[in-house]
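All remarks here apply to the structure that follows.
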Amino acid sequence: MAKRIVVDPITRIEGHLRIEAILDDRNTIQNAMSTGTMWRGLELILEGRDPRDAWAFCERICGVCTTVHALASVRAVENALKIKVPQNADIIRNIMFLTQQIQDHVIHFYHLHALDWVDIVSALKADPGATATLAQKVSPSWPKSSPGYFRDIQATVKKFVESGQLGIFANAYWGHPAYKLPPEANLMAVTHYLEALQWQKEIIKIHTVFGGKNPHPNYIVGGMASPLALQSDNAVNIERLNLVKGLIQDAKAIVEQLYIPDLLAVASFYPEWTKIGGGLGNYMAYGDIPRNGVGDPSQFRMPRGIILDKDLTKVLEVDPGDPSQIQEEIAHSWYKYPDGKTSLHPWEGETQPSYTGPKPPYKNLDENAGYSWLKSPRWKGRSMEVGPLSRMLVGFASGRAEHKEVVTAALAKLNVPAEALFSTLGRTAARGLEAQLCAGWLQEEFDHLIANLKNGVSDTADTTKWDPRTWPADAQGYGFTEAPRGALCHWIKIHDAKIAKYQIVVPSTWNASPKDGKGQHGAYEAALLGTPMADPARPVEILRTIHSFDPCLACASHVIGPDGRKLAEIKVR
């Protein structure tokens, strides 16, 4: 007899996500529901505002993504008003973008996802000497690997356990039979978890140099508000640039000497997960990191494209500005569209809440009715997966040498075929391999900026169309990027210098979407189908696959009440 389990909320993510899974009598998932349980209505907040201010509102959709919503927003306005930013602005945006990608990918692996594979409590049984030997084998270039160092970390973890308060390591399924790492590998992993936690606060200083602060660094329609002058005291000068140079070198070391070795070491213990969690088999990437402006996707370091049905011999074209390609459906969402419509392109999109679910608290939702605050984006009517795996597959299938090199090396290291990429573990590995590419690209973008400055090129913004009197009465545009979690796009309509309509479709809307009118699952739901569970009461397998996408439901559900009233007032003294 089928049984239903509920994981609500999914933890170690941004936002509020509920997963309901229906199991058969062999404890294998035969159906699943992904539910975004929070609504924010940011698009409604933007209507009537100055388009030049949109980025500042959009950037605050999420405290994790920090910069990518601002980038998509300024690009949307620039696209609508036909503004081409200076080359230095693109380079600085690329540096900001790549910094975010690397920091986010490292945080995801160590602090959000690793605990699905690493048994923290098991580390107490490890031999520190054997752990040191293992660490020196796995990460021979990493300096912190002495027996004494691991003994000290083990003692710290022991204090947590003996106190009965595991702190940051609480509320997990320690001792679960699905954990396979030996104690020494667990101790090595938790040690590197703590080291990565210390490092991640350093790399974001790059955002403070070029954007003034982090989170939510500053952008500007027309470029970047980052004056460059090597010898100035009031601009980004040689001292600040030397700081950035050192931070980039540290990031490369973390990725190449710690992240990638740990990723491959952990993956080697879970070969069965190269056959679980494949999901849709349809992958989409808008692409990013322009080398000749955003209008020339052929020169993106991250290429653009579509892969259908796991066919790596074909890469199809995608255009977020083509209304015939991208639609948002609401057949199983808590929204309504005018005139009984169920599918709209974002330029015509509506954000009208229409909650039809049961009164909270509820035990279960009805998969045959509306069950999520997320819409269901579709490309030419098909469900798509977005994210690092999609980007790496598009790059690999497009014949990009850099992508093929890192992917082929990882497959050889794990001794698995290319089909292993279509899995939960493949999704996790792709994020690390992308971080490896991003670290190299970050260095190249920084070197390009320095070369421009040495050649006397220092402009970072074009403000010739800053004055709304230079704008047409009506304009529309879109701005895309590749957030750490996947394809992101903002669509804007401008009327009389004000925002008339604004719609945002984020990566987790694609991935976490509910079924559409044809019954097609979203990526999360599809990836869970067929997953065997060792102990349904402790559903670590669900967490492994869902965390492999790195959910961000705060972005996907975009806080005001559906009737616009104030929900709460908080005073800080």
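Every read-out reported here was derived from the displayed coordinates using simple, explicitly stated rules and does not represent laboratory data. All of these numbers come straight from a predicted model, not from anything done at the bench. Backbone-built Cβ (ideal geometry, glycine too); neighbour counts: all protein chains shown.
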Whole-angstrom gap from the range 324-391 to the range 276-305, using each part's C-alpha centre: 24 Å
Pairs beyond 32 Å (Cα-Cα), from Lys84/Lys380; Lys3/Lys515; Lys159/Lys359; Lys180/Lys314; Lys314/Lys465: Lys159/Lys359; Lys180/Lys314; Lys314/Lys465
Residue-by-residue Karplus 3J(HN,Hα) for the range 188-198, coefficients 6.51, -1.76, 1.60, Hz, glycine and proline x: 4, 5, 5, 5, 5, 4, 5, 5, 5, 5, 5
Karplus-derived 3J(HN,Hα), 6.51/-1.76/1.60, for each residue of the range 419-426, Hz, glycine and proline x: 4, 5, 5, 7, 6, 4, 5, x
Neighbour-count order for Leu374, Leu280, fewest beta carbons within 10 angstrom listed first: Leu280, Leu374
Expected-Rg normalisation [2.2 N^0.38 Å, Cα atoms] applied to the range 180-254: 1.52
Gain in span if fully extended, Thr133 to Leu197, counting 0.36 nm per residue against the direct Cα distance: 20.7 nm
Computed label-point distance, nm, for sites Lys158 and Thr313 using a 7 Å Cα→Cβ extension: 6.0 nm
Sequence-distant lysines (8 or more away, or on other chains) whose Cα lies within less than 17 Å of Lys144: Lys252
In nm, spacing of pseudo-spin labels at Asp474 and Glu444 (7 Å Cα→C-beta vector): 4.3 nm
Residues Trp510, Trp491, sorted so that the one with the fewest Cβ neighbours within 10 Å comes first: Trp491, Trp510
For the range 184-322, convex hull of alpha carbons as volume per residue, Å³: 181 Å³
Two-site FRET efficiency, Asn364 against Gln165, from Cβ-Cβ distance with R₀ of 35 Å, rounded to 0.05: 0.60
Residue (of Val266, Tyr110, Ala253) at the positive-pole extreme of the chain, dipole from beta-carbon charges: Tyr110
Rh (Kirkwood; distinct C-alpha pairs) - the range 61-108, Å: 11.7 Å
Efficiency of FRET between Ala253 and Ala56 - r from beta-carbon atoms, R0 35 angstrom, step 0.05: 0.55
HN-Hα J in Hz across the range 462-471 - Karplus 6.51, -1.76, 1.60, θ = phi - 60°, x for Gly and Pro: 10, 10, 5, 10, 5, 6, x, 5, 8, 8
Centre separation in Å (Cα based) which lies between the range 520-553 and the range 84-120: 23 Å
Förster radius 30 Å - calculated FRET efficiency between Lys205 and Asp233, Cβ distance, rounded to 0.05: 0.95
